[in-house]
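Asks: Before anything else, here's the structure in question.
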Amino acid sequence: MFAAIYELTAEGVFETYDYAPVSILGLDGFHRFMNISVEGKDDLDDLRELGLLNHMKISTTTYGTVTAYRLSDKGMKMYMEVPTKMRTPIDKLVHCPRHKTKLMEIVCIGFEKYFFHCPSCDYEREILIFEIEDVSYTSTPRFIRLPYRKRR
C-alpha cells in the first residue's frame, strides 16, 4: 500500500501529501531506504478505524510479516460515491492501460523492486519507491549575542 501511496503522491494526485526516505526492515532481514508518506500512513490507519479498509497480516517464508489492505464493502460503497472527477486520476493509475476495467496488482520482487502488474496481459510499470532523491540542504549559522554579564 505504501507503494501505491508513493506513486499517487509522486504523480501529484495526493497534492497535500509528501514523502521522505525511511529505513525499513526488509523481508530478507536487511534495512533499505524507501520513500514513505507519513500523511498516507496516518490516513490508512484512519480508514481502518472507520471500517472502510480491511487489513490482514501475512507471514512470509522468512518469518516476517506483511500487511495486505483491501477496501471493505463499506469503503467501496463510499469510494463509488466520490465524484468521478476526483476518482479518475486514481482509477487511471491502478487500472491497466490496455484493459481499462482490469485492476493491476502491486508486486514486490525481493524487496528491491515494486511494480504494477496486469495479470491479463503482463503489462508492467515500475514504482520507483526505492529511488531516493538527492536533495541538497543549505544552512546558515546564526550567532545570538547575549547581554554581557559580569561574573562574581
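The values are calculated or read from the model by the stated rules, or taken from the named source; none is laboratory data. These figures come from a predicted structure and were not determined experimentally. Reconstructed Cβ throughout: ideal geometry from the backbone, glycine too, with neighbour counts over all protein chains shown.
Asks: What pairs come out if I take residues in the stretch 1-29 that are in contact (Cβ under 8 Å) with a residue 40 or more places away in the chain and pair them with residues that are among the aromatic types (Phe, Trp, Tyr) and buried (at least 17 other Cβ atoms within 10 Å of the Cβ) whose C-beta lies under 7 Å away, six or more apart or interchain?
Replies: Every condition considered, the pairs that remain are Ala3/Tyr114; Tyr6/Tyr19; Leu8/Phe14; Gly26/Phe111; Leu27/Phe111; Asp28/Phe111.
Asks: Do we have Lys57 as modelled with pLDDT of 85 or more and in a helix (DSSP H, G or I) here? Outline the logic, then answer.
Replies: On the way: modelled with pLDDT of 85 or more: yes; in a helix (DSSP H, G or I): no.
Judged against the criteria, Lys57 is not a match.
Asks: Also, I was wondering about something else. Ile90: among the aliphatic types (A, V, I, L, M) and within 24 Å of Leu25 (Cα to Cα), yes or no? Spell out the reasoning first.
Replies: Working: among the aliphatic types (A, V, I, L, M): yes; within 24 Å of Leu25 (Cα to Cα): no.
So Ile90 does not fit the description; no.
Asks: Hey, can you tell me all the residues within the stretch 11-63 that are polar (S, T, N, Q), within 22 Å of Pro89 (Cβ to Cβ) and surrounded by 12 or more Cβ atoms within 10 Å (Cβ to Cβ)?
Replies: If the condition is that a residue be polar (S, T, N, Q), within 22 Å of Pro89 (Cβ to Cβ) and surrounded by 12 or more Cβ atoms within 10 Å (Cβ to Cβ), then Asn35, Ser37 are the ones that fit.
Asks: When Phe33 is evaluated against the numbered criteria (1) in a strand (DSSP E or B); (2) aromatic (Phe, Trp, Tyr); (3) modelled with pLDDT of 90 or more; (4) touching a helix residue (DSSP H, G or I) at 6+ places or on another chain (Cβ under 9 Å), which criterion, by number, is the only one it fails?
Replies: (4)
Asks: Are any of the residues in the stretch 128-146 in a strand (DSSP E or B) and under 14 Å from Phe2 (Cβ atoms)?
Replies: Of the residues in the stretch 128-146, the ones in a strand (DSSP E or B) are none.
No - not one qualifying residue is present in the stretch 128-146.
Asks: Taking the condition of being outside any helix (DSSP H, G or I) and touching a residue at least 40 places away in the same chain (Cβ under 8 Å), how many residues in the stretch 69-113 meet it? Before you say what the answer is, go through the steps one by one.
Replies: Going residue by residue through the stretch 69-113, those that are outside any helix (DSSP H, G or I) are 69-72, 82-83, 95-113.
Keeping just the survivors that are touching a residue at least 40 places away in the same chain (Cβ under 8 Å) gives 69, 106, 108, 110-112.
Of the residues in the stretch 69-113, 6 are outside any helix (DSSP H, G or I) and touching a residue at least 40 places away in the same chain (Cβ under 8 Å).
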